[in-house]
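Worksheet: one structure, shown below.
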Amino acid sequence: MTAKPASKRTSVPFSLSSTGHLLVKARIGGNNIRLVVDTAANSYLILDSTEASRLNLEEDPSSRKHDAKGLGTSSHTVSKLAIPSFSLGDAELLSPPCHCMDLSAVKTAGGPDGLHGLIGSSFLKRHAAVIDFETMQLSFLREPGPADKDMDESD
């Protein structure tokens, strides 16, 4: 993964859904999306399979499909996606790690405006995320940079 480093710490506003989930706005390849911040998801980014199709994103041909299971849910098939760029606030990541799966079980967390995917704990840990409920800001203390280009998603 390569990155266009931002000039300062990135902070983005978040909202709380009626179910209590944190929601942020982001962009994939210039398309606006809404993501739930999922501290329990051991992944970098996950897009709903329907949304990936709508955005004309294709599975990474070098990846193999595998099953994933969340707390209290059935197993779902997961595959890697090749995405051109991911923007959150003023930070843009080029070709970040991203997976695709059916998120219909959690899409209600997005409320009437919908939900396109999630940001997982790998992303939050890698960029030293801080959730500030007083200011309703999600901040990242570690900016994306050149070291991210060889990042393994398990970091």
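What follows is calculated from the coordinates using simple rules that are stated; it is not laboratory data. Please read all numbers here as calculations on a predicted model, not as lab measurements.
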task: Take the Cα coordinates of the stretch 81-144, assign each an equal point scatterer, and use the Debye formula without solvent to give log10 I(q)/I(0) at q = 0.12, 0.21, 0.26 Å⁻¹.
output: -0.38, -1.11, -1.28
query: Sorted from largest down, what three extents in whole angstroms do the Cα atoms of the stretch 13-60 have along their principal axes?
result: 31, 23, 16
